[in-house]
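Have a look at the structure below before the remarks.
The values are calculated or read from the model by the stated rules, or taken from the named source; none is laboratory data. Keep in mind it's a predicted model, so treat the numbers as computed, not measured. Glycine also receives a Cβ, built like all others from the backbone with ideal geometry; neighbour counts cover every protein chain displayed. Protein only, heavy atoms only, side chains kept; ligands, DNA and RNA dropped before computing areas. Shrake-Rupley method; radii C 1.70, N 1.55, O 1.52, S 1.80 Å.
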4 protein chains.
Amino acid sequence: MLTVAEFDILAERVNNWKRWGAEDQRGTLNFLTPDVVRRGTASVLTGETFSLAMSLSLNGPQNGTGVPGRINPVRTMLAVNTPMADSPDACAYSDDIVVTPTQAATHWDALSHCSHRGVMYNGVPADAVDASGATRLGIETAGTIVSRGVLLDVARHQGVDRLPGRFAVTRAVLEAVEEAQGVRVEEGDIVLVRTGQVSYFLAGDVPGYRRPVPALDHDAPLFFHERRAAAAAIDNMPMELLPSNVEDLMLPVHVLCLVMMGMIQGQNWVLEDLAAACATDRRYTFLLHATPERFLHSTGGLVHPVAIR
Amino acid sequence: MLTVAEFDILAERVNNWKRWGAEDQRGTLNFLTPDVVRRGTASVLTGETFSLAMSLSLNGPQNGTGVPGRINPVRTMLAVNTPMADSPDACAYSDDIVVTPTQAATHWDALSHCSHRGVMYNGVPADAVDASGATRLGIETAGTIVSRGVLLDVARHQGVDRLPGRFAVTRAVLEAVEEAQGVRVEEGDIVLVRTGQVSYFLAGDVPGYRRPVPALDHDAPLFFHERRAAAAAIDNMPMELLPSNVEDLMLPVHVLCLVMMGMIQGQNWVLEDLAAACATDRRYTFLLHATPERFLHSTGGLVHPVAIR
Amino acid sequence: MLTVAEFDILAERVNNWKRWGAEDQRGTLNFLTPDVVRRGTASVLTGETFSLAMSLSLNGPQNGTGVPGRINPVRTMLAVNTPMADSPDACAYSDDIVVTPTQAATHWDALSHCSHRGVMYNGVPADAVDASGATRLGIETAGTIVSRGVLLDVARHQGVDRLPGRFAVTRAVLEAVEEAQGVRVEEGDIVLVRTGQVSYFLAGDVPGYRRPVPALDHDAPLFFHERRAAAAAIDNMPMELLPSNVEDLMLPVHVLCLVMMGMIQGQNWVLEDLAAACATDRRYTFLLHATPERFLHSTGGLVHPVAIR
Amino acid sequence: MLTVAEFDILAERVNNWKRWGAEDQRGTLNFLTPDVVRRGTASVLTGETFSLAMSLSLNGPQNGTGVPGRINPVRTMLAVNTPMADSPDACAYSDDIVVTPTQAATHWDALSHCSHRGVMYNGVPADAVDASGATRLGIETAGTIVSRGVLLDVARHQGVDRLPGRFAVTRAVLEAVEEAQGVRVEEGDIVLVRTGQVSYFLAGDVPGYRRPVPALDHDAPLFFHERRAAAAAIDNMPMELLPSNVEDLMLPVHVLCLVMMGMIQGQNWVLEDLAAACATDRRYTFLLHATPERFLHSTGGLVHPVAIR
């Protein structure tokens, strides 16, 4: 169990405030240069594409016990085959509308999703998020997100389909997987961490998916920081161990990534098919496209990430 | 003015029903092979990325006069800096929820968006769309959408910032632009047609954006068909001339693309920055990522398209 | 267990089709004459008022297992103390928006809520309800609902705080309670049936509230029919026994009341305080105001019923 | 034009803070005693009922130019004739869901709707309303609202169908109408002020309805205060003259009623039919039921008011 003081030392080690200027809102996405994009493009060999998103429906991963109001998406029809004119030769149209939390299923946490001791990334006051939304650090500040993706398949490395509940994905684990896979996370890469947990969800077992999960331990952000990753995503809901191994702090990884590093993090990503393909030819890098929907001032980024190998 | 009979002949010319089997729901997206994806990837030179999406907010392009209920997105907060625990060292989180039509701003029309004489693409009965949504031809059948994009900058070709209202983008116009640009649309490419109309919207002028627009004429789908395009998108709201030049049929392009060809079409795309870059070095091809959010059974595809040059 | 044939005979006994004309959409609410309203008014002695509604919030009775999409209401803020002008002397306003099923909590079923063998009340085809809503028999056809209310406190009559699960409130039970209470339901009265079940909900026990409930048995509508009640409401969710005692028919009371009689029915009503007051002075009649919100073409009627003694 | 200093004197004259204790949240609704309810009941002679609510639909009074996000209600279907079982003898159900601002159409302003110089009624700090809603002074604190209603038909008194735009309904006007009608507002009555403006809306003319309206002038609250009215409502959208006749203060009536007096106010009420009936027999009092839906912590009260004569 880390004490508060020890956590604060850890937090300072990954602090990126002012690194890109006092007004910066993009954090580690600043690593996303055209060179990085080209490195991503260069990793494409076969042209195969992989969807990394959950389907959005009432059968989503929400069960009413987490954030109040974070429901599964409700999609209904505005029109069903409404004729455009009276003629039998006219055409008809159908149209729909959705009510959805921005973090209902596969998403990015915006930097405005989390505050700690009254501030967010780069020292932005927490009250820059108010009832009107994130007046700073909203998801629209992320811009386009295209990079080389690197899968770290922790489950496969451990020889299991999915890691056991509360398995701690530490910095050392990430380093070991990286080395075993013969890959190296470089500046601007986006790291996808596979625990296998999402297989519960894909099998229709939401309670199983939400049980105490294998997830990042509090020192995992050190790994992202040292590698200068642009972002990281995982195939479970909370990203990190719950409860955490830090005194008085429920979400240390959130604080380290979002608040200290300015690094957005992805949750509820579906990595099963991609991981199977990577294991086949032992290539763990790919072009990753993961630009979120630009709902202005949103603290979450609805996204349909796609990997191209 | 085309008669109904003449339109029917045109419709037969572009008919793709059964081309990919009686059960096919993906239409021209079947052209999206790994080879096509690699061709897209190969078109990346600089690594520059371009967002092609409108921002999603109450300042969107909807004005209440189109499809009933197609409002601009309403995003509100579920939580604002809610502490995770009592300790001053705890962190706090913010969260939001949106109500949005799937076709509120930048989107794909799913093949289920339109029916004609009681059927949709591949002869699927129109009543496959009901109050529960599109039980067939929903946006989830599109899968991932990654390809080479080709910009046809009609406005620049005409020497204007934006085409005049009701300018007809015919098949001949598309061919002329293609030739003048020195580019050739190939099988599986996604064609982006620029009219310049979206510049009204970007300038905050929604009424201007919605005035009678320059758009596709009814024979433009012939161009997409002959080139075997995977999809097409445009920078205005209706895609096509309103009113149309076809007797008794308000949306002939919709019928030809969605119903006859099985080709999804994109609307409200933002092409200004991309077009400026293309004009600079006269390269009109790029890697295009445009995978829609997978709301199950949706007739529209909310999407944040990104071009990479 | 009633057979289908026996049920059909029962259905004919309560059939009100054409009773108020072939075009009637109001059914037994036609009993609500000015005379009935005055009889209601005359039942007011003390002037005490009783709210019969659940609070509307995320802590409502929905748990995700019933009708897909019937969520608990989500209320969020559109504005929080937004200043109307720059001056310190200006005022500020706050505003909110809700997403709510019309049947989320305390509500009326509109006559369009239920169809049987392809028809609704008065033989209206079931397809008069389509994706646009109830083009006939929508809640707006109910008009104002003011009458004398009569409480039949079955739980108290049985000497319990709440009836045991699956207790069958039959016609005979209703008659016995009526007699024991020394009251007589008259033409146009609205009957409130108390099982005590809602006390689970009031205590915060939603699973308890939704467990197999004491409710109306299939012959209870005979009682309402013979008394010529204008409407009936109950303090549980399903109104009737689940599973029912009728072969192949899950909701016989719904069919008898809504489809055959044209009588709207109320669910999730809170009768505890009212019942306590009635028991004190043994007066079981009161003025009841229960006009639903007039969402056009809605199949359900959100309502805040109030009793005045 | 009233100066700020003059307004402050006016505000003090109507100040009800602490009148019902330092913790009171109900303000002038405290006047609603059982005696008042009985007085209301006693005013019923014929038993005729009058709906005072607008219909709730996309054709509501909102036009996108007022409060951001205050849209017209969007109602869609969750189910349309979904069979409850496989048998042809099974029944089917339909169900719907709405997205609606609480102040979209006919409503009460809760006391939390408005703050002035950082406080609300009874000195409650404005920040008691936050992103979670009105933690104090929410609409749920209103409880049941039943009283004697008194119509003051200003339009008829002026001999017009509707008052001209910007007609100022002053305290003197209200007194004159009261006297001319031969009625006297008593403690606990709810005053309904008719301008005739809602006739535009009923005729489908939303722009007309929203044009500069006849409305309350800043001294009208003095009338409500002196009479000890429990609440007041009007048949236009803003309640009061826009712009106001007070320096630097856009909504002086809101401040006087909601903040100083603790008196909820009703807007967008439909008074045409009721007024016609009152004029016929010159009886201007009636029983009024106007209990809002109890959305917890809401700043607005969706309501279907009903008058009984």
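Just a few scattered comments:
- Checklist (1) among the hydrophobic types (A, V, I, L, M, F, W, C); (2) touching a strand residue (DSSP E or B) at 6+ places or on another chain (Cβ under 8 Å); (3) at the interface with chain A (Cβ under 7 Å from one of its Cβ atoms) applied to B:TRP108, failing item: (3)
- Selection of the stretch B:294-309 for residues being in contact with a His (Cβ under 9 Å, 6 or more places away or on another chain) and more than 7 Å from every other protein chain (Cβ to nearest Cβ) yields B:GLY301, B:VAL303, B:PRO305, B:ALA307.
- Which listed residue is facing another protein chain (nearest Cβ under 7 Å), surrounded by 22 or more Cβ atoms within 10 Å (Cβ to Cβ) and small (Gly, Ala, Ser), from A:GLY40, A:GLY69, A:GLY27, A:GLY47: A:GLY69
- The listed residue being farther than 24 Å from B:GLY138 by Cβ and crowded, with 24+ Cβ neighbours inside 10 Å, out of B:ALA232, B:ALA215, B:ALA203: B:ALA215
- Flag for D:PHE50 being farther than 16 Å from C:SER43 by Cα, under 21 Å from the mean Cα position of the chain (by Cα) and of a type in the set (Phe, Trp, Tyr): yes
- Filtered residue count, the stretch B:78-100, keeping only those that are open to solvent by 40 Å² or more (accessible area, probe 1.4 Å) and out of contact with any strand residue (DSSP E or B) (no Cβ under 8 Å at 6 or more places or on another chain): 3
- Condition met for D:ARG19 (in a helix (DSSP H, G or I), open to solvent by 60 Å² or more (accessible area, probe 1.4 Å) and of a type outside the set (Val, Ile, Thr)): no
- Filter result for B:ASP219 (touching a helix residue (DSSP H, G or I) at 6+ places or on another chain (Cβ under 9 Å) and among the acidic types (Asp, Glu)): yes
- Odd one out for A:GLU247 among (1) surrounded by 24 or more Cβ atoms within 10 Å (Cβ to Cβ); (2) charged (D, E, K, R); (3) within 11 Å of another protein chain (Cβ to nearest Cβ): (1)
- Here is the figure for the stretch A:126-169: residues that are of a type in the set (Asp, Glu) and open to solvent by less than 40 Å² (accessible area, probe 1.4 Å) total 1.
- Hits in the stretch B:120-163 (condition: over 16 Å from A:SER57 (Cβ atoms), over 16 Å from the mean Cα position of the chain (by Cα) and among the hydroxyl-bearing types (Ser, Thr, Tyr)): B:TYR121
- Boolean, C:ARG75 is at the interface with chain D (Cβ under 7 Å from one of its Cβ atoms), open to solvent by less than 50 Å² (accessible area, probe 1.4 Å) and either in contact with a Gly (Cβ under 9 Å, 6 or more places away or on another chain) or without any contact (Cβ under 8 Å) to a residue 40 or more places away in the chain (or both): yes
- Residue selected from the stretch A:57-66 under the condition more than 14 Å from chain D (Cβ to nearest Cβ) and open to solvent by 10 Å² or more (accessible area, probe 1.4 Å), by the criterion nearest to B:VAL129 (Cα to Cα): A:ASN59
- Residue in the stretch D:176-189 that is more than 21 Å from D:ALA275 (Cβ to Cβ) and either part of a helix (DSSP H, G or I) or at pLDDT 95 or above (or both) present: yes
- Among the candidates B:MET263, B:MET237, residue that is surrounded by fewer than 24 Cβ atoms within 10 Å (Cβ to Cβ) and under 13 Å from the mean Cα position of the chain (by Cα): B:MET237
- Residues of the stretch A:129-162 that are assigned to a loop (DSSP other than H, G, I, E, B), of a type in the set (A, V, I, L, M) and under 30 Å from D:ARG70 (Cβ atoms): A:ALA131, A:LEU137.
- The residues of the stretch B:111-159 that are among the acidic types (Asp, Glu) and more than 9 Å from every other protein chain (Cβ to nearest Cβ) amount to a single one, B:ASP153.
- B:VAL270 meets the conditions (1) over 14 Å from the mean Cα position of the chain (by Cα); (2) within 27 Å of B:GLU48 (Cβ to Cβ); (3) open to solvent by 10 Å² or more (accessible area, probe 1.4 Å) in every case but one. The failed one is (1).
- Looking only at residues in the stretch C:1-16 that are of a type in the set (D, E, K, R) and within 14 Å of chain D (Cβ to nearest Cβ), the one that is least open to solvent (accessible area, probe 1.4 Å) is C:ASP8.
- Residue check, D:ALA110 crowded, with 24+ Cβ neighbours inside 10 Å, touching a residue at least 24 places away in the same chain (Cβ under 8 Å) and of a type in the set (A, V, I, L, M, F, W, C): yes
- Taking the stretch B:251-293 as the range and being β-branched (Val, Ile, Thr) and away from every other protein chain (no Cβ under 11 Å) as the test, the residues that pass are B:ILE264, B:THR280, B:THR285.
- Residues that are out of contact with any Lys or Arg (no Cβ under 6 Å at 6 or more places or on another chain), within 23 Å of D:PRO164 (Cβ to Cβ) and at pLDDT 95 or above number at least 1 in the following strands (runs of 3 or more DSSP E) confined to the stretch D:201-309: D:231-234, D:265-267.
- Qualifying residue in the stretch D:85-101 (condition: away from chain A (no Cβ under 14 Å), at pLDDT 95 or above and over 16 Å from C:HIS254 (Cα atoms)): yes
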